Amino acid sequence: MSETKGESFADRLPKHYVPADVEPRWLETWLASGSFRSAPDRAKKPYCIVIPPPNVTGILHMGHALNCTLQDILVRHARMRGYEALWMPGTDHAGIATQNVVERSLAEEGLHRDALGRDGFIDRVWGWRGKYGSAIVNQLKRLGCSCDWRRERFTMDDGLSRAVREVFVGLYKEGLVYRGRRLINWCVRCRTALSDDEIEHVEKQSRLWHIRYPLKDSRKSLTIATTRPETMLGDAAVAVHPDDERYREFVGATVVLPVMNREMPVIADAMVDPAFGSGVVKITPAHDPNDFEAGLRHDLEQITVIGPDGAMTGAAGKYAGLDRFRAREKLVEELEELGLLVKVEERRNSVGQCYRCDQIVEPFLSEQWFVSMRPLADKAIQASRDGKVSFVPARWERVYLSWLENVRDWCISRQIWWGHRIPVWHCGACGEMTVEVEAPAACSKCGSGRLAQDPDVLDTWFSSALWPFSTLGWPDETPELGYYYPTTVLVTARDIIYFWVARMVMMGLHFMKEVPFGEVYINGTILDENGARMSKSRENGIDPLVMIQGGRQRRFGKEFSYEGYGADAVRYTLCTLTTDGQDIKLAPTRFEMGRNFINKMWNASRFVLMRLAGVDQGTEPVAPEALDFSDRWILSRLARVAGDADRQIAGYRFHEYAKTLYEFAWGDFCDWYLELVKPRLSAGGNAAGAPARVLSWTLDNLLRLLHPVTPFFSEEVWSLLAEVAPARGLGVPEAAAPLLIRAAWPEPDESRIDARAEADMEQAMNVIRAVRNVRAKFNLPPKAPLAVTVSAADDAIRDALLPLADMVRAQAGAGSLDIGVGVRKPPQSAAEVMTGLQVYLPLAGLMNVEVERKRIGKELGKKRDALARLNEKLCNYEFTSKAPPEVVKREEDRKVELARQMGELEALRDSLAN
RNA sequence: GGGCGGUUAGCUCAGUUGGUUAGAGCACUUGCCUUACAAGCAAGGGGUGACUGGUUCGAGUCCAGUACCGCCCACCA
């Protein structure tokens with residue numbers, strides 16, 4: 001397996017990382033090795049996330065990519081931490097939404113669902129579901145999602161459908177599901193009832209028509225105001241406030257409904273706001289929720305004048321058959337002709353639209369099934385108050401609570417075909433309803449076999465609400481249910497806190513007696529580069545699959561071609577953009593950041609792999625004295641970073657996790673440690689032993705830390721590293737895990753933390769930067785060997801720097817380096833004054849003395865100002881007496897150092913004057 | 001009508017319990033194809049922290065108010 005060492009090994013490592021050559025291969029390996037699988041294991045602690053099941057309406061968008069990346073980071077991290085981690089995958093049948101997209105695709109063929117019939121249409125939808133369900137799964141896999149795919153569920157699977165029926169029947173028997181004739185929201189295009197949450201309120205320019213209703217047997221009249229004149233055809237009364245003096249005399253009188261010439265009473269009801277309009281309202285019980293309630297109070301007739309298709313009914317007299325909006329126009333014309341239209345006001349008001357097709361919904365009187373929410377919601381409120389469910393960021397708890405506190409009964413029946421049939425059978429003989437989990441053979445009351453199942457299906461969110469336990473096997477008491485429930489965390493988007501999160505908590509508490517998850521992480525919303533929500537109509541979406549593997553995409557009316565950044569780059573970029581659930585403005589070019597980072601890591605890995613190839617790294621523990629200063633430094637940094645990264649993932653601080661690794665990997669490891677290790681490796685022999693081991697160990701750990709966010713890349717390098725360093729570790733080398741995905745998360749080794757090494761390194765870096773700075777400033781050739789002199793402020797600083805002299809000299813490209821305390825500035829040299837020391841570089845003839853003098857003068861000025869501010873602060877008794885002593889001490893130290901630097905600068909300036 | 005989020009460098013955004021000179025990526029300037037990497041290296045420029053006031057020895061950070069942008073909720077006949 002490893003005859004590929006040496007030069008041929010390097011040939012296998014392209015200079016640019018090519019994700020397309022790497023990612024599909026590892027996906028196959030992970031799947032074949034069962035690395036994503038999880039099963040109850042009492043020896044381990046469970047960790048479980050259920051995926052928010054994507055709708056099978058179409059392919060995934062960038063919001064899914066973000067949501068799933070975050071879940072995968074959590075699951076991979078938990079798995080490496082030794083948890084028995086399950087990520088439960090699946091998809092949602094998405095009732096109305098899917099029925100709509102299939103209807104649209106039928107329409108393109110000139111077909112209507114009625115032509116296919118119910119069974120034919122449902123077959124067609126299953127076909128659609130098969131196609132998009134598998135496309136979604138493939139997209140998730142391509143993104144690297146480590147779900148246990150054996151367990152994939154669909155909300156209309158047999159098992160989940162049984163769970164739905166069990167819940168319906170259970171709630172029915174408890175009296176929490178009931179049937180009633182009520183005013184519900186009706187979509188005239190979808191031809192179905194909708195719940196309150198499925199209505200989107202959109203503010204629109206509208207009008208307020210003032211219409212005069214003549215009183216019977218009188219010349220007087222009452223004027224009402226309405227935004228919906230067409231509904232007046234269904235009026236049953238007019239109402240005034242009982243305390244309204246203006247209209248007291250009319251209460252009990254009769255008005256004649258114009259056009260219909262129907263006599264109706266004038267009633268008094270406290271719902272009327274005397275201050276609004278004329279203080280008189282029309283009451284239309286069948287077309288307005290308030291009026292419906294008023295109608296019940298006053299026993300008024302419910303006259304339906306707008307039918308389920310949005311056309312006026314036979315009860316609308318001569319307007320029967322007209323579309324509701326056409327009827328409005330005609331009716332207003334007629335009222336005007338009759339002289340009953342008093343005035344028309346322009347007005348903004350919000351109208352309810354169907355969240356799936358944007359049609360304006362109608363309040364519609366019909367027989368529907370409802371869930372009684374109050375008892376269920378109260379438990380969900382209590383769970384949150386008791387801290388059994390908490391939100392991250394915490395502010396979403398209030399949103400969740402306010403919905404639960406104000407929730408009304410939930411209309412769950414839908415007059416569509418795609419979904420779970422309501423488990424109710426109507427008897428053709430006696431009319432009895434039989435409510436059972438399995439289809440009954442005979443009527444529960446009269447025993448007749450003439451049974452017909454209720455034609456309606458359930459709201460899609462009814463089944464989604466059961467997802468955390470239905471996917472684990474409920475109602476059966478499976479080992480999975482006992483082991484993984486309650487799940488650990490739910491990661492989702494804020495727009496389904498009501499639809500889904502709250503309902504899962506309610507159903508979980510009711511049927512499992514426990515919350516479905518302890519924490520809810522609400523991720524931000526992905527917006528386009530202009531801050532607009534991504535949508536098909538705006539043509540501003542970014543297809544995650546195109547970003548991953550390249551391809552063409554139409555945006556803003558233009559066709560773009562993308563080369564593909566790879567799944568890791570997409571994941572890493574999304575991770576860096578995830579701060580505290582903030583929304584994310586995304587442009588395709590943002591993924592360059594992730595791609596560049598991974599390419600950088602690839603090249604750092606290439607370097608390590610090529611240097612380690614063919615080198616005997618030894619089998620003995622690395623003796624502490626064999627560790628160079630730079631080794632101690634990088635190991636110290638690694639120990640810190642391992643702890644930080646762990647806490648950051650556990651605390652859902654995804655951006656910080658990505659940033660911590662970025663700074664360590666690119667900054668510390670690549671920019672510094674790799675450069676420091678080069679000469680030591682080149683020296684060969686014993687000198688190369690320790691650095692080789694530190695190198696493989698550090699890269700090993702870095703790959704582990706990166707794995708949750710960049711799984712493909714890290715797994716690839718892990719396997720290559722295994723070829724050149726099959727056994728790793730600073731103690732007795734141990735065989736590395738065969739696959740990184742199942743390797744252990746690094747235990748932060750506190751004993752490696754070396755504050756002294758970190759501080760000294762910082763000092764050395766500053767000296768090196770100072771030399772480079774001077775070089776750049778005076779445009780010196782990078783290779784010109786300079787005689788660098790460092791003048792330390794005291795012995796301690798000199799002694800710290802002295803052992804690092806070789807390193808500093810090499811990195812600064814200096815020919816020689818002298819370090820001493822209080823060394824005088826060599827003549828004709830440039831200087832950098834910094835904390836604790838000065839750096840001098842001889843620049844005879846290369847330096848413009850006048851320019852340098854000016855620069856020093858400017859710097860001196862800045863320091864003088866800073867010193868003045870410091871002095872003022874330190875002379876302020878309020879400060880010195882009230883600020884913590886350590887803060888005062890720090891400021892005093894600063895002052896001393898600042899004064900020292902100013903002294904040096906002044907001396908410098910004076911020397912240049914000569 | 002109620003609530004929430006945002007306003008920091010040219011752009012997109014970070015900033016942990018208030019405490020040195022407010023950071024990053026991109027863009028920009030200068031010099032480099034230095035045998036891991038030009039998707040890179042080195043150095044550098046760039047900020048009245050939306051505005052007003054308050055608390056404090058000290059405010060980007062805490063409080064109050066204002067403005068603008070975005071989102072959510074609401075039985076506004």
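A few points about this structure:
- Cα long-axis angle, helix A:289-298 against chain A (0 to 90 degrees, to the nearest 10): 40 degrees
- Here the contact order of region A:761-847, divided by its residue count and restricted to Cα pairs under 8 Å and six or more residues apart, works out to 37 percent.
- Between amide H atoms placed 1.01 Å from N, distances below 5 Å from A:Gln359 occur with A:Cys354, all of them 5 or more places distant or on a separate chain.
- Counted charge near A:Val56, where neighbours are those whose Cβ lies closer than 10 Å (Asp, Glu -1; Lys, Arg +1): +1
- Simple rule: put +1 on each Lys or Arg Cβ and -1 on each Asp or Glu Cβ in region A:613-750, find the dipole, and look at A:Thr619, A:Leu635, A:Tyr652; the Cα lying farthest toward the positive end is A:Tyr652.
- Packing order of peptides A:206-213, A:596-603, A:102-109, highest average first: A:596-603, A:206-213, A:102-109 (average count of other Cβ atoms within 10 Å over each peptide's residues).
- Candidates A:Thr525, A:Leu702, A:Ser105 compared by Cα position along the dipole of chain A: farthest toward the positive end lies A:Leu702, with charges placed on Cβ.
- Rounded Å value of the spacing that divides the Cα centres of region A:873-891 and region A:685-730: 48 Å
- Calculated mean residue ellipticity, 222 nm, chain A: -13500 deg cm²/dmol, from DSSP H runs (n ≥ 4) at -39500 (n - 2.57) each, averaged per residue and rounded to 500.
- Residues A:Glu592 and A:Glu723, FRET efficiency given R0 of 22 Å [Cβ-Cβ distance, rounded to 0.05]: 0.10
- Magnitude of the charge dipole for region A:626-760, about its Cα centre and with charges confined to Cβ atoms of Lys, Arg (+1) and Asp, Glu (-1), is about 80 debye.
- Interchain or long-range residues, amide H under 5 Å from A:Leu86's placed H: A:Tyr47, A:Cys48, A:Ile49
- Karplus-derived 3J(HN,Hα), 6.51/-1.76/1.60, for each residue of region A:481-488, Hz, glycine and proline x: 4, x, 8, 8, 8, x, 6, 7
- Summarising the strand pairing of chain A, around 70 percent of its internal DSSP beta bridges are antiparallel.
- Its residue count N fixes a reference of 2.2 N^0.38 Å for region A:295-370, and the Cα radius of gyration divided by that reference is 1.33.
- When only alpha carbons of region A:821-904 are considered, Rg and Dmax amount to 16.4, 54 Å.
- Between A:Asn349 and A:Asp378, the C-beta separation translates, for a Förster distance of 25 Å, into a calculated FRET efficiency of about 0.15.
- Note on A:Leu31 and A:Met433: the extension gain reaches 139.9 nm, defined as 0.36 nm multiplied by sequence separation minus the Cα-Cα distance.
- Principal-axis analysis of the Cα atoms of chain A puts helix A:62-80 at an angle of about 60° to the longest axis.
- The A:Lys15 and A:Lys854 beta-carbon pair, evaluated with R₀ = 41 Å, returns a calculated FRET efficiency of approximately 0.40.
- 3J(HN,Hα) couplings calculated from phi for region A:588-598 with the Karplus curve 6.51 cos²θ - 1.76 cosθ + 1.60 (θ = phi - 60°) are, in sequence order, x, 5, 4, 6, 4, 4, x, 4, 4, 5, 5 Hz; Gly and Pro show x.
- Placing unit charges on the Cβ atoms only, positive for Lys and Arg and negative for Asp and Glu, gives region A:709-806 a dipole magnitude near 680 debye about its Cα centre.
- Each label point was placed 7 Å from the Cα along the Cα-to-Cβ direction; for A:Arg179 and A:Val887 their separation is 7.1 nm.
- Scoring A:618-629, A:707-718, A:797-808 by mean Cβ neighbours within 10 Å over their residues and listing the highest first yields A:707-718, A:797-808, A:618-629.
- The chymotrypsin sites (Phe, Trp or Tyr not before Pro) of region A:806-914 include none that meets both criteria, a DSSP state outside H, G, I, E and B (loop) and at most 13 other C-beta atoms within 10 angstrom of the site's C-beta.
- The long axis of helix A:755-777 is offset from the longest Cα principal axis of chain A by roughly 80 degrees.
- Chain A, relative contact order [Cα under 8 Å, separation at least 6], %: 12 percent
- Packing here is the average count of other Cβ atoms within 10 Å per residue, and on that basis the peptides A:693-706, A:517-530, A:249-262, highest first, run A:693-706, A:517-530, A:249-262.
- Loop-located GluC sites (Glu not before Pro) in region A:136-236 (DSSP state other than H, G, I, E, B) with a sparse environment of at most 11 neighbouring Cβ atoms within 10 Å: A:Glu174.
- Taken over chain A, the ratio of Cα radius of gyration to 2.2 N^0.38 Å equals 1.27.
- Per residue accessible area in Å² of chain A, where ligands, DNA and RNA are left out and the probe is 1.4 Å: 43 Å²
- Computed over region A:758-912, the P(r) tail beyond 20 angstrom holds 53 percent of alpha carbon pairs.
- Accessible surface of chain A, 1.4 Å probe: 49 percent of it comes from carbon and sulfur atoms.
The values are calculated or read from the model by the stated rules, or taken from the named source; none is laboratory data. Keep in mind it's a predicted model, so treat the numbers as computed, not measured. Here the Cβ is made from the backbone with ideal geometry for all residues, glycine too, and neighbour counts use every protein chain on show. The protein model used for the area step is the full one, side chains on, heavy atoms only, and it has no ligands, DNA or RNA in it. Shrake-Rupley method; radii C 1.70, N 1.55, O 1.52, S 1.80 Å.
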